[in-house]
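Reviewing the structure listed below.
The numbers here are math on the coordinates, done by the rules we state, and not lab data. Owing to the predicted nature of the structure, the values given are computational and were not obtained by experimental measurement. So basically every Cβ, Gly included, is an ideal-geometry build from the backbone, and we count neighbours across all protein chains shown.
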Amino acid sequence: MKKLLEVKNLSVHYKIQAGWVYAVDGVNLEVNHGETLGLVGESGCGKTTTGYGVTQLLPSNAYIKEESKIIFEGKDLVKLGTHPSKKYEGYRKIEEYNPEMRKYRWAKISMIFQGAMNAFNPVYKVGDQIIEAILAHENMTKQEALKRVEELYRLVGIPKDRINNYPHEYSGGMKQRAMIAMALALNPDLIIADEPTTALDVVTQDRILGEMVRLQKREKIAMILITHDVSVVAEMAHKIAVMYAGNLVEKGTAKEVFKETAHPYTEALLNAFPSIKGEKKRLKAIPGSPPDLANPPKGCRFAPRCPYAKDICLEQEPPVVEISPGHYSKCHFAEELYGELGGE
Ligand SMILES: Nc1ncnc2c1ncn2[C@@H]1O[C@H](COP(=O)(O)OP(=O)(O)OP(=O)(O)O)[C@@H](O)[C@H]1O
Ligand SMILES: [Mg+2]
C-alpha cells in the first residue's frame, strides 16, 4: 500500500501562563491510502491535539516544534502552514489563515470534529453550510453543489427535505450524519474523525459508525479514527496507535496491539474496557490518574501507574523498541513483557 501521510516526530505544545503544556511529544505515525488508523488513549492524552495537528487547526496558543514533519502526499504541511520567519524558541508558529493549508482542509483532508453537535453555525441552514464549503473549493454552480448535497444526504441517510433546516432542527444523530456528509463532500483522501459518535446512544453510534466505514471503504478514503473506546477501533481499524500522556506507547496492526500486546498501558486499557471478544469479565480501572502535562514525570510517563515499573522506569525515558516488524512499544521492558501481557 502507498503511503499517504507520514507524521514524523510531531510535538505540539501549548503555551500557558505558567509555562508549557507538553500535549504531544515526538509522535510518529503513518497512514496508507484507504487505510484506517485507530488512535486510542485516556482523556487528555493528546489525541485531539495530534489529529488537529495534522491539519494545523489548533488554538492560537499551540506551537509546533521545529523538527516536526507532517508529510502528506510528499509535501511537508508543517512548512506549508507555518511562517518561516515566525519562529519562537525552537517552535514554529501556525498561521491560522494560511492559504496553502486551506487548500488541503476539506478538499484533501477533512475532519469530523469532537462534539460535532456544535460544529455547525447555528444561524445558517445546514445545507447552505455544506454548499458553501463545496463552492469554496470546486468550480461548480450553486445548483450543482445542491445536487451534490442531495446525493450526500442520501448516502448518509438524511431525508433531503432536511437540507433547508437550521442545526437546532436536527437531532444529535442527524447532526452527526450531516457532519459526515460534509467530511465526504469534496472527496478527500483522508478523514480525521475525532470521537465521531461519542455523544450518541450506543445503537445510533453503531449504525452511524458502520455507515461511515462503509462509505469510507467504498470511496477508498483513509481515516484516522480517534476514540477512547477500544472496542470501536478493534472492529474498525487496520492499525492501532495507543497514546498515553502525549507519547505514543504502542503501535501495530489491530491484531498485534490487542492480541500480542507489548506495552503495560495497552494491557491496562484493555482491562478497563468490556472484552472485545464479548466475554464477561470484571473491569479493572487503571489506578491513579494521568500526569499533568504541564509537568510530566521524568522517565516513563506511565511508570507511576505501571505494575511492572522498576527503578530505571522512573529515571530514564524508554526507547521505542520494534518488537516485531512494524510493531513498536515504548517500554524499557517491552521484550521481557512481550507474550506475558494482554487483556484478560
Ligand atoms: N488550548 C490549550 N491550552 C492549554 N492546554 C491545552 C489546550 N488544549 C488542550 N490542552 C491540554 O493538552 C492535553 C491534551 O489535550 P487533547 O484535547 O489533545 O486530549 P484528548 O486525548 O483529545 O482528550 P479527550 O479524550 O478528553 O478528548 C490536555 O492536558 C489538555 O488539557
Ligand atoms: Mg479529544
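Cut-off 10 angstrom, C-alpha nodes, Gaussian network model of the chain. Which of P296, P159, P188 fluctuates the most?
P159
Restricting attention to the stretch 1-109, which trypsin sites (Lys or Arg not before Pro) occupy a DSSP loop and are surrounded by at most 11 other Cβ atoms within 10 Å?
Numbers: sites: K2, K3, K8, K15, K47, K65, K69, K75, K79, K86, K87, R92, K93, R102, K103, R105, K108; in loops: K2, K108.
Qualifying residues, ordered by number: K2.
Roughly speaking, what is the stretch gain from E96 to K217, that is 0.36 nm per residue apart minus the C-alpha to C-alpha distance, in nm to one decimal? Display every interim value, and only then the final one.
On the way: separation 121, 0.36 × 121 = 43.56 nm, distance 3.16 nm.
Gain in length upon complete extension: 40.4 nm.
Between V202 and N187, how many nm apart are label points set 7 Å from Cα along the C-beta direction?
4.0
With angles folded into 0 to 90 degrees, how steeply does helix 202-218 sit against the dominant principal axis of the chain? Use alpha carbons for both and round to 10.
On a 0 to 90 degree scale, this one is about 80.
By counting other Cβ atoms within 10 Å of each Cβ, how are D292, D189, D161 ranked from fewest to most?
Details: D292 12, D189 20, D161 8.
Fewest-to-most ranking of D292, D189, D161: D161, D292, D189.
Expressed as a rounded percentage, what relative contact order does the chain have, with Cα pairs under 8 Å and six or more residues apart? Kindly include the intermediate steps, with their values, before the conclusion.
Details: 674 pairs, mean separation 65.5, N = 344.
Reported relative contact order: 19 percent.
Please determine, in degrees from 0 to 90 and to the nearest 10, the orientation of helix 172-184 with respect to the longest principal axis defined by the Cα atoms of the chain, where the helix direction is its Cα long axis.
90
What size of dipole, in debye to the nearest 20, comes out for the chain about its Cα centre when the only charges are +1 on Lys and Arg C-beta atoms and -1 on Asp and Glu C-beta atoms? Let's see the in-between values first.
Numbers: 45 positive and 44 negative charges, 138 e Å.
Around 660 debye, computed over the chain.
With the crude spin-label approximation of a point 7 Å out along Cα→Cβ, what separation in nm comes out for N9 versus E144?
Taking the two extended label points, one gets 4.4 nm.
Please go through the stretch 184-263 and write out the trypsin sites (Lys or Arg not before Pro) that DSSP classes as loop and that have at most 16 other C-beta atoms within 10 Å. Walk me through the numbers before you get to the answer.
Working: sites: R207, R214, K217, R218, K220, K239, K251, K255, K259; in loops: K220.
Of the trypsin sites (Lys or Arg not before Pro), the ones in loops of the stretch 184-263 whose Cβ has at most 16 other Cβ atoms within 10 Å are K220.
Pulled fully out, how much extra length does the chain show between E89 and D161, if you take 0.36 nm times their separation in residues and subtract their Cα-Cα distance?
Working: separation 72, 0.36 × 72 = 25.92 nm, distance 5.31 nm.
Result for the pair: 20.6 nm of gain on full extension.
Once you've got the GNM for the chain with C-alpha springs shorter than 10 Å, pick whichever of A234, A309, A18 has the biggest mean-square fluctuation.
Evaluated over the chain, the most mobile residue of the options is A18.
Shape of the stretch 249-344 from its Cα gyration tensor (a ≥ b ≥ c, root eigenvalues): rounded if a/c is under 1.5, otherwise prolate when a/b > b/c, or oblate? Please report the intermediate quantities before stating the final value.
Values: a/c = 2.05, a/b = 1.24, b/c = 1.64.
In terms of gyration-tensor shape, oblate.
Please work out the FRET efficiency for the pair E132 and K259, using the Cβ-Cβ distance as r and a Förster radius of 41 Å; give the result to the nearest 0.05.
0.35
Give the calculated FRET efficiency between K69 and S324 to the nearest 0.05, with a Förster radius of 22 Å applied to their Cβ-Cβ distance.
Numbers: r = 26 Å, r/R0 = 1.16.
The calculated FRET efficiency here is 0.30.
Using a Förster distance of 22 angstrom, determine the FRET efficiency expected from the C-beta separation of E169 and D229, and round it to 0.05.
Details: r = 29 Å, r/R0 = 1.31.
Efficiency computed from Cβ-Cβ geometry: 0.15.
Considering lysine pairs in the stretch 249-344 that are 8 or more places apart or on different chains, how many have Cα atoms under 14 Å apart? Display every interim value, and only then the final one.
Numbers: K251/K259; K251/K330; K255/K277; K259/K277; K298/K310.
Pairs that pass both the separation and distance tests number 5.
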